[in-house]
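Let me begin by presenting the structure, written as structure tokens, before commenting on it.
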């Protein structure tokens, strides 16, 4: 049913993939997620139509050459550094023309009909800013809102998910280089929010998004209907989270579609243990927070709305305020604006913003608003939103649960927490060398400041037993594991093993 199509047709100075010749075949090419956790990049071509499923950042590959965010590819050179180091695939008709020109490349017109984003984690959406702004991108509504919040708070190339900053070609030819962000030609990427039940028609290829449960809201899997085959794509999912019924909906819909191929994640396939639950996370942390009479600091992903809700409840139930860093406030605002997520607004009595010190302090201890960017000033000017400084946190340590990641630990030097303060580590355990190094540095900080540490986490990915049950219930004719370091552990199924950048023919 499946056969490799590695043959290439050469013309001019280019190597032309066979997919450009055999336009009547459905071809699948993976440019990421093969033998790795994350970095999913799945290109589907059917009768001349090109669709991209996820376009994620491969952290492990990037960390070989760079140390984000301090040392990273040069935005001034567009795609150049990414291509030279193999961090982005050289896919025809996918990328922004301005980034091609910055890399001294001949600019190509867009050839893709659609980019479907399964969810808002960077290992699935992190490379979207490089995609040509006219290629429509589809994603869940809350994913769009969160990505827009990230774009508004960062203003760099890697955050141009929704708003894309272009330097018009005419100005380059006229030697008129815009001196500032405001002078660039900013345009809105065409983003089409979808919900379960929608059918997205892309020039003969139909995509059906079905919600799944994951450690971020707005996560979806896809059923893709090609001219001669049906493909199911899980994205990232789990059954042990707070909303397993979402994943069940996807599994049932995929089973009804009788797919020829299931592309499945396999993050936890090597772990036979129980992945826990959000209730267990709260239970493990609750007693430690209740006993603490000092500052409580928590390290967790604020986009994980289940964990965010857990931290809010821990704060409220123990007479504390949940304090959100100012730079994360736009994300919190986006999540709290969605009534389905049930997060309290920033005006809630149990929520406050942490205001980091910049250059100056007024005699009364307050900070000049002019030192913060426009979106931050908008939040701080709201009368019903409380903000606190390091002095206020220090003066009443037992009244706060402060959300603070390792990369923001410099703030602890201003707060000067009392010895014996509590740190809640509520993230995934490190699984690569770079994460191990960060974890070691985090521990050094906590030891230096004499924190006690309590750890608890619940994975966003299905356990091995749940994953195998999902595969068995969908009953696809072939299974392709990606987003895993152990594809060999799927050997009990009728496997197809992808090779990076090699096209595979898909038929019924």
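What follows draws every value from the coordinates through simple rules; no lab data is involved. Every value quoted in this text rests on a predicted model; they were computed, and no experiment measured them. Positions of Cβ are backbone-derived with ideal geometry, glycine not excepted, and every protein chain shown enters the neighbour counts.
Find the relative contact order for the chain and round it to a whole percent, using C-alpha pairs within less than 8 Å whose residues are 6+ positions apart.
Details: 1058 pairs, mean separation 98.3, N = 508.
Dividing the mean separation by the residue count of the chain yields 19 percent.
Once R0 is set to 25 Å, what does the formula 1/(1 + (r/R0)^6) return for the Cβ-Cβ distance between residue 441 and residue 65, expressed as a FRET efficiency to the nearest 0.05?
Working: r = 20 Å, r/R0 = 0.80.
After rounding, the FRET efficiency stands at 0.80.
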Rounded to 10°, Cα long-axis angle of helix 244-257 versus longest principal axis of the chain: 0
Relative contact order (%) - criterion: Cα under 8 Å, at least six apart; region: segment 210-255: 42
Cα-based helix-to-principal-axis angle, 464-474 vs the chain, degrees rounded to 10: 40
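Over segment 278-455, what is the relative contact order in percent, taking alpha-carbon pairs closer than 8 angstrom and at least six residues apart? Kindly include the intermediate steps, with their values, before the conclusion.
On the way: 255 pairs, mean separation 55.5, N = 178.
Relative contact order for segment 278-455 comes out at 31 percent.
Between Rg and the Kirkwood Rh of segment 26-76, both from Cα atoms, what is the Rg to Rh ratio?
Details: Rg = 13.9 Å, Rh = 12.5 Å.
That ratio equals 1.11.
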Paramagnetic reach from residue 377 in segment 294-328 [backbone N under 15 Å; point 7 Å along Cα→Cβ]: none
Cα→Cβ-extended label distance, 7 Å offset, between residue 280 and residue 201, nm: 4.7
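What fraction, in whole percent, of alpha-carbon pairs in the chain exceed 31 Å separation?
Values: 61762 of 128778 pairs.
Of all Cα-Cα distances in the chain, 48 percent exceed 31 Å.
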Rg and Dmax [Cα atoms of segment 110-172; Å; Rg one decimal, Dmax integer]: 12.1, 36
Whole-Å distance, taken between Cα centres, linking segment 135-164 and segment 255-330: 23
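With viscosity set to 1.306 mPa s and temperature to 10 °C, compute the Stokes-Einstein D of segment 371-415, Rh being the Kirkwood radius across alpha carbon pairs; µm²/s, no decimals. Don't jump to the answer; show the numbers that get you there.
On the way: Rh = 12.2 Å.
The calculation lands on 130 µm²/s.
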With Cα atoms, 0 to 90° folded angle of helix 305-317 axis to the chain main axis: 10
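Test of understanding: express the Cα radius of gyration of segment 278-455 as a ratio to 2.2 N^0.38 Å, with N the residue count.
Details: Rg = 15.9 Å, N = 178, 2.2 N^0.38 = 15.8 Å.
Normalised Cα radius of gyration, segment 278-455: 1.01.
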